[in-house]
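What follows is a set of notes on a single structure, which appears directly below.
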Amino acid sequence: MQALYAQLLVGLINGSFYALLSLGLAVIFGMLNIINFAHGALYMMGAFCAYFLLNLTGLGYWPALIIAPIVVGIFGMILERTMLQWLAGLDHLYGLLLTFGIALIVQGVFQNYFGSSGLPYAIPDELKGGMNLGFMFLPIYRGWVVVFSLVVCLATWYLIEKTRLGAYLRAATENPTLVRAFGINVPRMITLTYGLGVGLAALAGVLSAPINQVRPLMGADLIIVVFAVVVIGGMGSIMGSIITGFALGVIEGLTKYFYPEASNTVVFVLMVLVLLVKPTGLTGRAA
Amino acid sequence: MAEAPAKTGATPVLSVQNLEAWYGESHILHGINFNVNAGEVVTLLGRNGAGKTTTLKSVVGIIGKRTGSIRFDNVDITRASSDKIARMGVAFCPEERGIFASLDVRENLLLPPIVRPGGLSLDQIFELFPNLKERLNSQGTKLSGGEQQMLAIARILRTGARFLMLDEPTEGLAPVIIQQIGHTIARLKSEGFTILLVEQNFRFASTVADRYYIVEHGKVIDGFANSELQANMDKLHTYLGV
Amino acid sequence: MGEVCLADEFILETHGLTKEFAGFFAVRDVALKVRRGSIHALIGPNGAGKTTCFNLLTKFLKPSAGQILYKGQDITALAPADVARLGLVRSFQISAVFPHLTALENVRVALQRQHGSSFDFWRSKSVLDRFNGRARELLNDVGLSEFADTPAVEMPYGRKRALEIATTLALDPEMMLLDEPMAGMGHEDIDKVAALIKRISAKYTILMVEHNLNVVANLSDTITVLTRGQVLAEGNYAELSKDERVKEAYLGAGHD
Amino acid sequence: MKQKISALLFGTALAFCASAAVAQDKNIKIGVLTDNSGLYSDLGGVGSTLAAQMAIEDSGLAAKGWKIDLISADHQNKPDIATTIARQWIDVEKVDILMDVLNSGVGLAVNNVVKEKNSIMINTGAATSDLTNAQCTPNTIHWVYDTYMLANSTGQALVKAGGDTWYFLTADYAFGAALERDTTAVIVKSGGKVLGSVKHPLNSSDFSSFLLQAQASKAKIVGLANAGGDTTNSIKQASEFGIVAGGQKLAGLLLFVTDVHSLGLKVAQGLNFTETFYWDLNDGTRAFSKRFSDRMKNKAQPSMVQAGVYSGLIHYFKTLEAMGGNVHDGAKVVAKMKELPTDDPLFGKGSIRVDGRKLHPAYLFEVKKPEESKGPWDYYKLIGTTPADQAFRPLSESACPLVKK
Amino acid sequence: MSALTDDTLPASPRAVRDEMIVFVIMAALLVIVPWTGIYPFFVMQALCFALLACAFNLLIGYGGLLSFGHAMFLGTAGYLTAHALKVWGLSPELGILFGTAGAAALGVITGYVSIRRQGIYFSMITLALSQLLFFVYLQTPFTHGEDGIQGIPQGYLFGIFNLAKPTTLYYVVLIGFLGGFLVIYRTINSPFGEVLKAIRENEPRAISLGYKTDQYKLLAFILSGTLAGFAGSLKVFVAQNASLTDVHWTMSGEVVLMTLVGGLGTVFGPVVGAFVIIAMQQYLAGFGQWVTVIQGVIFVTCVLTFRRGLIGEIAHFFRRSL
């Protein structure tokens, strides 16, 4: 039973990454109607950004948490301005293909310059060590990741659901033309939204840098799992994607305990089951 | 083509000349000409699909391809982006009302940004539409059709724009609500707003309008003042097919 | 038995048909009875729920409540394709053609469904040539003979509507639902299509939504007036044109 | 792909002299088939090509009238691409010998092509011990290491050093299972005990739950029967969970110096694993590695895969020289290579067994603590050596058809 | 959904004639390959991928469905054929039949699941399904994990043709490719293909005509999967191995790339695209590290400026259907 609790908690950590990534995907999808295949690559860039900040400028983990998402966010906005915006009005699938190409380029370039085995990034001193919770040994850093990403997710939710800016965003998701006709610069909002979604991915990258090797391909396989998460949750609601992300992390964690052989596939199997029962996903609007 | 007499001495707030517009591949407007003077209520009448809504959408810049000339406050806005047009003081209330389902009433109301000083305060708006105050926290689309229409009008009054374009504000509404909207428009007119109205319901239009233009097949084919309405009744029946 | 008689007389009936969109009743408690062999028009001001009603009848929307009977059979739960297979075929408000197929191919797609072989991926499509004769006949009927080999996307708007009707006729339906068949047409086209509808009504039951009251007046046997999602009145044109409530709904709050 | 290094110097003059004797072909074409872009590009990649080039230069054959061409290509870790390239090289480019060919799947696939075409492969990168076991051929030599050797050396040496209870973190596929199976056999034979194991899926990003189970087992050694990113991530996360700090030892069953480099000493310290080459082993390795890293773009030290390319080619050249020319007959050359003893500064004296297994000692290393390291790439201390004759799978257990029992 | 292939022309008799001429030229060029000095194994590999891309194109170009998981058919059929040949010792023709049938069965199952959503969701679902299968194959013993199934005997087709001889193998693969290509071409120009086009053009209208569109899409998916599997079975004889790379999602991405480069929804585009991409992989392998980057750049360029693809642009220029 103790081990079970431990797995539950551990599952939440993966869930944090799923939630941050699927949240970013949902935000982008809402405004741009694009499934951002480059999300995994941008997540990787976030981690690399943290590495560079440390090794080139000496800025450690804490500044990286702020700077990396901004830097990668700006990179994302440049992508949106130079490429994605030209796809407006075309079939959504072109967005998928374009971002897939971008992902290949970004990952390839990083692989050329930094090899494939990756770079080290240490856990910040403040978060080293662990706590004995009685039923498990919890590395402090992991606890921090869960709490922090939950805070970020909720903050994003608050930003979108409860603020004026969020109201613009939701309105523009429903009817961009009309919102623009009210005097709001929707194209700029779209750019910013892409930056925000990408920034969330980069943030997840920074969070994962101390746990995982900083590798060019660190996001490549992860993104497919996140896609499955998105299919399961549907992309109708912000809260939906957060909850689904965490929930699937926990389910995966439990699978690792009860039947580890299937832990790689459990998310995909769940996806199939959800599709059979409720094709639009758990919280999804009709496509 | 009979040009409707404009009030002497008035400067046109909006002047549309030879406007053509395309919706995707289909050519909808084939040369629209009309003026709206400051303080007037002008109504575009016409059958379904005649091009009235497209005209409004062209003015506010949300129709893909448009040629000709649209001048607002003596500035050419033919090719301006819709957010710039809106910021110059053109407020648009679409036919389908455009109430956002994911926003509550308050958010819907506060959505359009203030473009210039002089808009109605929230208190003034609640005085015009008392219903809205009670329903501030409901989801926008949970309102009744009439309330939605009021909300759609109310939110563009806040922005400070003095030129309003209302696309069939009475559509699908109960007579008592239509009356209320009529009163609102009259009140706005008395406060100096300039209003361009699209209507099929010309009985309603006749209660508020100063002048009319008839749109058919993407062209303005006729125009007359409210005083000439009775004289033009027969023509009107032919044009509108009623 | 009464029920059977009813089914004989009325090809389509609804009871308490209701559609709610997030608290808003687009269609509310509508009871409709369409007599076999008649032209039945559904009119009402914009936003009265005509198109929603239409989509409910053809199953493109799921009713929130109520029942739809077609030839006495409850079709409330059927899929749209199944409804079409029962002989209840619709048109769309905006012209619905297959843009990159020629007019002939458009009609053939409909003919093909009826005569099977639609899953045959191993046969040449030249087997479809046997439908060409019938397809040309249908195109001829709606005055589109010279457009047979034109891709639908290149045809004028009014002709697309005619093509849509020809495609619908190809299914040889018992009942046709026409959604604003005259929308966006010029006078000449309107007359042509009106004549066409009149002509085909000899064979089919037609339920149409239409704005153009002249057309409605000339064509319809029965008219149902909808406002705000509910039935306001029903009758023939002469009766309705005297009805004050109808006038008011149409012409607004003002007085003459 | 055609990075040609034509080393023809005094060629014509010497060839003219030699032609008086038996007209012998003195052309050699070498193909380095490696992973230039993927997961293993740090291990092999451009470094393997460089090592081959250095071997050509060091052989001094050019001065003796030989003409040696070198080409290389990226197999992208795809067996089908690799076999097409290999076929084309052998058929069209007339390549005599294929070097590196890392990645087990690719190695095995090319193994078949080489046999079919009677060419030669000196495999320095594939881990699978099948190359000299069930799938051995007269045309393939497996040079540097294999899974059996890694398991054997690491297991044996650690049990001897007191690490007698083990818990495995095993990648859940054939490769991981083989590593675990082989190591378990050695541990049990050496008197140790396996307390348990947990299978994790390939390419896991999160090992915490597996590490928790390993921690709970209280085993002295946590064996990592996985590879690549899985290994580095599990090491990194083990350090986070304080596994080494808590007194348990980590043993990597397939790990390379490049992995340690990318992990950093802070995380990798105390880790045990086996390699057959390390740049700082003796004067010979140091001299080679200095020259090598000077020519590498990122100043990296050679990995054992790259060192193997050099060593293997040196022996190949020696054999051809002994044969007096290139007979372009793979099986014949390989047979001769097996006859001759090997000797080079990188792997020392050794031999090639009848099954194609190159024999040399295996070294068990422990990764230094950051404070023990004297400079870049100073990572290992040697804690045990398994002699060449004990390091690899004995012929008595071999399933290779070339072995006559 | 039809925007991806919006400017296709209706198939006129002239178009059919054009296509037949190009087909004959293509077939003639391919037949003489063994005498040109072009390395036949390269062409064989390209042919297998060309067939795969054509199968993929059947789904996207004529069904409007972008599958991001077509590698699962290629890989599944490859594994099954390889296993049948090597372990069960089946003859080549039975091996191919077994592999292709396996892919067809997989198509039925995955199609049933994925057809429930459209557009990007469909793409994501197929991608996820293929990743699921990747993990399954990684763990199932018969695939030998990372090592793959190696040293597959090529055998004698129908007991007569020795597939170990490159020229014989080449013609067998060529016949397989041409056969598969014609099946696809026939499918496109069949009564079924007409309905498929109608659905792609205007699905609500097709429904209103009484077509149960999901059934048509499912059949298209199964056909596409089966032919992709056939390509995978043929490939086993060329590569003589079956490995995980064939089920990995990057392979699915490559198929999309091939089709995009050649022209989505064109008859010959996927073939050209496959040859371009395979040639690039083989002959630009010297760029080493840059292969993925180059692929990415091609993707981006195609989507931004070149959406019709090579053949699509040519066809558009000449106002022909190719």
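If the condition is being among the small types (G, A, S) and open to solvent by 20 Å² or more (accessible area, probe 1.4 Å), then segment D:202-228 contributes D:S205, D:A216, D:S217, D:A227, D:G228.
Can you tell me which residue within segment D:118-138, out of those that are surrounded by fewer than 24 Cβ atoms within 10 Å (Cβ to Cβ) and more than 11 Å from chain E (Cβ to nearest Cβ), is modelled with the lowest pLDDT? Here the residue is D:N133. Put simply, of E:T250, E:T187 the only residue that is on the phi < 0 side of the Ramachandran plot and open to solvent by 10 Å² or more (accessible area, probe 1.4 Å) is E:T250. Within segment C:132-165, the set of residues being open to solvent by 10 Å² or more (accessible area, probe 1.4 Å) and touching a His at 6+ places or on another chain (Cβ under 9 Å) comprises C:P151, C:V153.
What's the total number of residues in segment A:225-243 that are within 14 Å of chain E (Cβ to nearest Cβ) and either modelled with pLDDT of 90 or more or surrounded by 23 or more Cβ atoms within 10 Å (Cβ to Cβ) (or both)? The qualifying residues number 12. Condition check for D:P79 on (1) open to solvent by 10 Å² or more (accessible area, probe 1.4 Å); (2) within 8 Å of another protein chain (Cβ to nearest Cβ); (3) within 20 Å of E:G151 (Cα to Cα): one failure, at (1). Going through (1) more than 14 Å from chain A (Cβ to nearest Cβ); (2) at pLDDT below 90; (3) more than 23 Å from B:F224 (Cβ to Cβ) one by one, B:L45 falls short only on (3). Taking the listed residues C:V34, C:V97, the one that is within 14 Å of chain B (Cβ to nearest Cβ) and either among the aliphatic types (A, V, I, L, M) or open to solvent by less than 20 Å² (accessible area, probe 1.4 Å) (or both) is C:V97, with no other qualifying.
Each residue in segment D:294-304 was checked for being touching a residue at least 60 places away in the same chain (Cβ under 8 Å), assigned to a helix (DSSP H, G or I) and out of contact with any strand residue (DSSP E or B) (no Cβ under 7 Å at 6 or more places or on another chain), and 1 pass.
On the stretch given as segment A:247-273, residues that are within 14 Å of chain D (Cβ to nearest Cβ) and either open to solvent by less than 10 Å² (accessible area, probe 1.4 Å) or in contact (Cβ under 8 Å) with a residue 12 or more places away in the chain (or both) total 13. Check segment B:148-166 and report whether any residue there is within 26 Å of A:S237 (Cα to Cα) and more than 15 Å from the chain's Cα centre (by Cα). Yes; the residues of segment B:148-166 include at least one that is within 26 Å of A:S237 (Cα to Cα) and more than 15 Å from the chain's Cα centre (by Cα). If we scan segment C:41-54, do we find a residue that is farther than 25 Å from B:A174 by Cα and more than 14 Å from chain B (Cβ to nearest Cβ)? No, there is no match, as no residue in segment C:41-54 is farther than 25 Å from B:A174 by Cα and more than 14 Å from chain B (Cβ to nearest Cβ).
E:L218 fails exactly one of the following numbered conditions: (1) more than 19 Å from the chain's Cα centre (by Cα); (2) in contact (Cβ under 8 Å) with a residue 40 or more places away in the chain; (3) surrounded by fewer than 20 Cβ atoms within 10 Å (Cβ to Cβ). What is the number of that condition? The one condition E:L218 does not meet is (1).
If you check D:K381 against the conditions, is it in the same structural domain as D:L253 (by TED's automatic domain parsing) and either among the basic types (K, R) or within 22 Å of D:D182 (Cα to Cα) (or both)? Here the answer is yes, as D:K381 does meet what is asked. All told, A:A47 meets the bar of being more than 23 Å from A:D91 (Cβ to Cβ), surrounded by 21 or more Cβ atoms within 10 Å (Cβ to Cβ), touching a strand residue (DSSP E or B) at 6+ places or on another chain (Cβ under 8 Å) and away from chain E (no Cβ under 14 Å). If only residues of segment B:164-192 that are touching a residue at least 60 places away in the same chain (Cβ under 8 Å) and more than 13 Å from every other protein chain (Cβ to nearest Cβ) are counted, the one that is least open to solvent (accessible area, probe 1.4 Å) is B:L166. The set of residues in segment D:143-195 that are touching a residue at least 40 places away in the same chain (Cβ under 8 Å), open to solvent by less than 20 Å² (accessible area, probe 1.4 Å), over 13 Å from D:A251 (Cα atoms) and among the aromatic types (F, W, Y) comprises D:W143, D:Y145. Listed residues D:L254, D:L313; which is in the same structural domain as D:L50 (by TED's automatic domain parsing) and within 20 Å of the chain's Cα centre (by Cα)? Of the residues listed, the single one that is in the same structural domain as D:L50 (by TED's automatic domain parsing) and within 20 Å of the chain's Cα centre (by Cα) is D:L313.
Is there a residue in segment E:271-291 that is more than 22 Å from D:V106 (Cβ to Cβ), of a type in the set (V, I, T) and within 12 Å of another protein chain (Cβ to nearest Cβ)? Scanning segment E:271-291 turns up no residue that is more than 22 Å from D:V106 (Cβ to Cβ), of a type in the set (V, I, T) and within 12 Å of another protein chain (Cβ to nearest Cβ). Selection over segment B:208-225 of residues that are surrounded by fewer than 18 Cβ atoms within 10 Å (Cβ to Cβ) and either in contact with a helix residue (DSSP H, G or I) (Cβ under 9 Å, 6 or more places away or on another chain) or closer than 18 Å to B:N48 by Cα (or both) gives a count of 2. When every residue of segment A:199-218 is checked against the conditions, at least one turns out to be more than 23 Å from A:V152 (Cα to Cα), open to solvent by 10 Å² or more (accessible area, probe 1.4 Å) and either within 13 Å of the chain's Cα centre (by Cα) or facing another protein chain (nearest Cβ under 10 Å) (or both). If you go through segment E:217-273 and keep only what is among the aromatic types (F, W, Y) and farther than 17 Å from E:V173 by Cβ, you end up with E:F221, E:W249, E:F268. Yes or no: A:V179 within 30 Å of B:L56 (Cα to Cα) and either more than 14 Å from chain B (Cβ to nearest Cβ) or not in a loop (DSSP other than H, G, I, E, B) (or both)? Yes, satisfied.
Condition check ((1) within 16 Å of D:L382 (Cβ to Cβ); (2) within 19 Å of the chain's Cα centre (by Cα)) across all residues:
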| position | (1), (2) |
| --- | --- |
| D:A225 | no, yes |
| D:T231 | no, yes |
| D:K236 | no, no |
| D:I243 | no, no |
| D:G246 | no, no |
| D:D259 | no, yes |
| D:L265 | no, no |
| D:F277 | yes, yes |
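The listed residues are D:K266, D:K332, and the only one of them that is out of contact with any Phe, Trp or Tyr (no Cβ under 6 Å at 6 or more places or on another chain), modelled with pLDDT under 95, surrounded by fewer than 20 Cβ atoms within 10 Å (Cβ to Cβ) and outside the structural domain of D:I120 (by TED's automatic domain parsing) turns out to be D:K266. Exactly one residue out of C:L69, C:L78 is open to solvent by 20 Å² or more (accessible area, probe 1.4 Å) and assigned to a strand (DSSP E or B), and it is C:L69.
Could you tell me whether E:G159 is touching a residue at least 24 places away in the same chain (Cβ under 8 Å), farther than 17 Å from E:E93 by Cβ and part of a loop (DSSP other than H, G, I, E, B)? For E:G159, the condition - touching a residue at least 24 places away in the same chain (Cβ under 8 Å), farther than 17 Å from E:E93 by Cβ and part of a loop (DSSP other than H, G, I, E, B) - is not met.
The values are calculated or read from the model by the stated rules, or taken from the named source; none is laboratory data. Note that the structure is predicted; figures quoted are calculated from it, not measured. FYI the Cβ positions are ideal-geometry reconstructions off the backbone, even for glycines, and counts take in every protein chain you see. These area figures cover heavy atoms from the full protein model, side chains too; ligands, DNA and RNA do not enter into them. Shrake-Rupley method; radii C 1.70, N 1.55, O 1.52, S 1.80 Å.
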